[in-house]
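Encoded as structure tokens, the structure appears first; notes follow it.
Here, each number is a calculation from the coordinates, and none is a lab measurement. Given the structure is predicted, the values throughout are model-derived calculations rather than measurements. Here Cβ is always computed from backbone atoms with ideal geometry, including for glycine, and neighbour counts include all displayed protein chains.
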Amino acid sequence: MSGLPEHLTREHGLRLLREMLRIRQFEDRCAELYGAGHIRGFLHLCDGEEAIAVGTMQALGRGDAIVSTYREHGHALARGVAMGPLMAELYGKQAGCSGGRGGSMHIFDAATRFYGGNGIVGGGLPLAVGLALAETLQGRNAVAACFFGEGAAAEGEFHESLNLAALWRLPVLFLCENNLYAMGTALARSESQTDIHAKAAAYAVRAAVVDGMDVFAVEAAVRSAAEHARAGQGPSLLEFRTYRLRAHSMFDAQLYRDKAEVEEWRQRGPLTTLTTRLKAAGLMTEDDFQRLQHEADAEVQAAVQFAADAPWEPVEDLARHVYAEEVRS
Amino acid sequence: MSGTRITYREAVKQALREALHADPRVFLMGEDVGKYGGCFAVSKGLLDEFGEARIRDTPLSESAFVGAGIGAALGGLRPIVEVMTVNFSLLALDQIVNTAATLSHMSGGQFHVPVVIRMATGAGRQLAAQHSHSLEAWYAHVPGLRVVEPATIDDARGMLRAALASPDPVIIFEPISLYNMDGELTDAAAAVRLEGARVHRAGRDVTLVTYGASLWRCVTAADTLAADGIEAEIIDLRSLRPLDDATVLASVHRTRRVVIVDEGWRTGSLAAEVGLRIVEQGFYDLDAPVARVCAEEVPIPYPKHLEDAALPGPERIVATVRRLFSDVQ
């Protein structure tokens with residue numbers, strides 16, 4: 001891991017760490033709430049991948065569109081989706097950011113242009129191409145950023161979308177979170193070419209491989225890709241090398257990987273390394289760190305309270321929003 | 001414009017031109033819609049008139065360009081996506097069923113997908129088993145979609161405008177065998193409903209419920225039956241989702257006999273759905289069992305005589321109606 005960026009301010013360093021801590025504490029609580037039965041369905045946690053969410057969102061603007069995956073709590077929080085409604089969504093409450101209809105895999109938020117987690121691997125890529133097309137045809141200067149895992153690179157939609165975005169020079173950021181396992185299938189067991197970024201060359205798409213455990217590397221790479229896109233130069237593919245420290249979902253016995261491998265990556269965990277680096281550079285004291293921890297903890301507490309207190313949606317509302325509703329008085 | 005004779009193809013093209021002139025958010029994309037002029041020549045000349053930005057040739061990537069249409073709709077545009085045939089649309093089924101149909105409900109009504117997807121359907125041109133099927137029932141099965149099939153010149157001319165005005169995803173099926181049909185366009189400016197069935201021909205003895213190209217098979221059958229003194233009432237469903245039960249039931253209440261004519265295969269067909277709705281809601285109005293004439297359960301074959309034999313032709317309709325009378329008397 002490289003040193004800290006030359007002009008890094010204390011303020012920016014602490015902001016990045018704060019955002020990553022919020023994600024980690026939120027998700028650690030989610031795991032507990034899952035065990036207690038308050039959260040059901042599939043729950044995919046992003047422990048180890050926080051730097052990608054936070055670095056990416058730092059580099060994007062409010063007008064940009066985000067398309068995510070089913071492992072998207074981190075993306076949503078870093079994007080600015082409020083934590084209370086996010087937790088309420090995981091509870092399935094009407095006060096949730098998707099009205100309680102989606103749950104963990106389907107976080108939507110119009111206010112932050114967050115176009116969903118997606119339960120279909122690769123399903124979001126064409127959507128991002130269309131969002132970028134809409135930006136271009138309407139003369140706006142926004143980009144569409146699309147997350148997907150390395151497993152999605154085996155889907156036809158990955159290849160179709162890269163081709164279409166490059167052909168039309170659309171401002172799409174294809175952001176691959178390569179955590180080495182598509183659920184339980186190691187990359188080398190499913191791909192003939194395990195360098196995901198190398199696939200971009202076939203579509204004349206600009207590509208780079210980035211250390212996904214280093215929030216500064218992520219931020220710089222996304223900023224550069226966004227500038228490229230805003231300048232009308234077309235899409236980029238960034239392959240973030242990362243690791244999922246927890247199980248795939250709450251049903252995963254992790255038979256497919258060694259504990260030693262997990263431990264090795266844990267040493268490189270983005271929260272651990274950023275904390276160490278900020279302290280070593282004199283940009284953060286232990287007191288600062290404790291304060292950030294407490295603030296995140298308080299925010300999570302309030303979010304859980306909000307979700308727990310929120311009422312259930314009346315069953316009579318079951319069929320609402322299947323089709324667009326007339327404006328209700 | 002009143003009273004002009006035009007082809008179904010020309011009616012669709014007029015509707016496209018009108019939509020492109022009326023709303024700068026509207027654009028057309030699909031395979032060969034531009035330079036080639038459309039697989040069925042529907043969009044011939046539109047590229048010269050509206051330019052590359054709004055008449056977009058796509059790669060053969062049904063999932064990506066249908067998904068991009070969904071994304072562009074989310075981004076504020078009003079895309080018209082042309083898929084060559086319903087058989088090819090299966091390559092985009094994920095985007096249509098898992099994304100377009102779900103986003104409104106799953107986002108708690110925050111997002112809508114005002115995309116229009118046009119596709120050719122049905123047999124009659126000796127195109128064999130990968131270009132001739134009628135899979136409307138599959139799409140009509142899915143909540144969140146609106147599914148229509150214009151069978152007349154007036155509907156071919158008017159339904160696109162209504163579809164573009166809908167905030168929901170609308171699938172428009174255009175029967176391949178009707179593109180060359182000509183007929184009277186009563187009023188190009190007339191407002192046409194997206195929903196609701198229509199009594200195409202009044203009659204007192206038996207109701208023929210149908211949609212798409214089978215409307216004209218029913219007209220031929222009704223002419224034959226009229227010579228026998230049996231007056232058939234023909235209902236054109238027009239909208240396959242939602243279905244208009246009231247118009248069908250009111251007709252059955254008058255005629256007390258009903259035959260459903262459907263180019264889809266019998267098993268799991270729209271005919272089955274319509275038939276059971278009649279049984280559920282109009283059983284005591286019936287003087288004879290509900291009857292159906294559907295496609296034979298074979299992949300549609302290439303030779304003309306076998307293709308004809310597979311389809312619900314007028315002779316089979318006439319025979320089925322006669323049987324309803326002879327069985328009862």
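Largest first, the extents of the alpha carbon coordinates of the stretch A:6-53 on the three principal axes equal 46, 15, 10 Å. For the stretch B:114-128, 3J(HN,Hα) computed residue by residue from phi via the Karplus equation (6.51, -1.76, 1.60; θ = phi - 60°) reads x, 9, 10, 10, 9, 8, 7, 9, x, 9, x, 10, 6, 9, 6 Hz, glycine and proline entered as x. Note on B:Arg17 and A:Asp287: their simple-model spin labels are 7.7 nm apart, each label 7 Å out from Cα toward Cβ.
Could you list B:Ser177, A:Ser98, A:Ser192 so that the one with the fewest beta carbons within 10 Å of its beta carbon is first and the one with the most is last? Present the calculation step by step, with values, prior to reporting the outcome.
On the way: B:Ser177 20, A:Ser98 28, A:Ser192 6.
Going from least to most buried by this count: A:Ser192, B:Ser177, A:Ser98.
Give the whole-number value, in cubic angstrom per residue, of the convex hull volume spanned by the C-alpha atoms of chain A. Convex hull volume per residue, Cα atoms: 150 Å³. Loop-located GluC sites (Glu not before Pro) in the stretch B:255-329 (DSSP state other than H, G, I, E, B) with a sparse environment of at most 16 neighbouring Cβ atoms within 10 Å: B:Glu296, B:Glu297.
In a fully extended conformation the segment linking A:Arg140 and A:Ala231 would gain 31.6 nm over its present Cα-Cα distance, using 0.36 nm per residue.
Inter-chain Cβ neighbour count for A:150-157, averaged per residue, equals 2 (cutoff 10 Å, partner chain atoms only).
For the protein assembly as shown, the calculated P(r), taken from all Cα-Cα distances in 10 Å bins from zero up to the bin holding the longest distance, is 3, 15, 23, 22, 16, 11, 6, 3, 1, 0 percent. Residues whose amide H lies under 5 Å from that of B:Thr58, counting only those 5 or more places away or on a different chain, are B:Gly30, B:Glu31, B:Asp32, B:Val33; hydrogens are built 1.01 Å from N in the peptide plane.
In loop segments of the stretch B:1-80 as defined by DSSP, the trypsin sites (Lys or Arg not before Pro) with at most 11 further C-beta atoms inside 10 Å of their C-beta are B:Lys35.
Per q in 0.12, 0.13, 0.19, 0.21 Å⁻¹, report the Debye log10 I(q)/I(0) for the stretch B:198-328, using one uniform scatterer on each alpha carbon and no solvent. One equal scatterer on each Cα of the stretch B:198-328 leads to -0.40, -0.47, -1.02, -1.25.
Each principal axis of the Cα cloud of chain B was evaluated for its coordinate range; sorted largest first, these ranges are 64, 43, 40 Å.
Counting neighbouring beta carbons within 10 Å and listing from fewest to most, the residues A:Thr56, A:Thr285, B:Thr220, B:Thr320 come out as A:Thr285, B:Thr220, B:Thr320, A:Thr56. Derived scalar couplings between HN and Hα for the stretch A:125-139 equal 5, x, 4, 5, 4, x, 4, 5, 4, 4, 4, 5, 5, 9, x Hz in order, rounded to whole Hz, by the Karplus curve 6.51 cos²θ - 1.76 cosθ + 1.60 (θ = phi - 60°), x for Gly and Pro.
Provide the gained length on full extension for the span A:His294 to A:Asp28, in nm with one decimal, where the gain is 0.36 nm per separating residue minus the Cα-Cα distance.
94.3 nm
Loop-resident GluC sites (Glu not before Pro) (DSSP state other than H, G, I, E or B) in the stretch B:21-54 with no more than 14 further Cβ atoms inside 10 Å of their Cβ: B:Glu52. Here r is the Cβ-Cβ distance between A:Lys279 and B:Glu280 and R0 is 45 Å; the resulting FRET efficiency, rounded to 0.05, is 0.05. Here the protein assembly as shown is treated with +1 on each Lys and Arg Cβ and -1 on each Asp and Glu Cβ, and its dipole about the Cα centre works out to around 620 debye. Counting Cβ atoms of other protein chains within 10 Å of each residue's Cβ and taking the mean over peptide A:194-203 gives 0.
Ordered by the number of other Cβ atoms lying within 10 Å of each residue's own Cβ, fewest first, A:Leu133, B:Leu145, A:Leu4, A:Leu45 fall into the sequence A:Leu4, B:Leu145, A:Leu45, A:Leu133.
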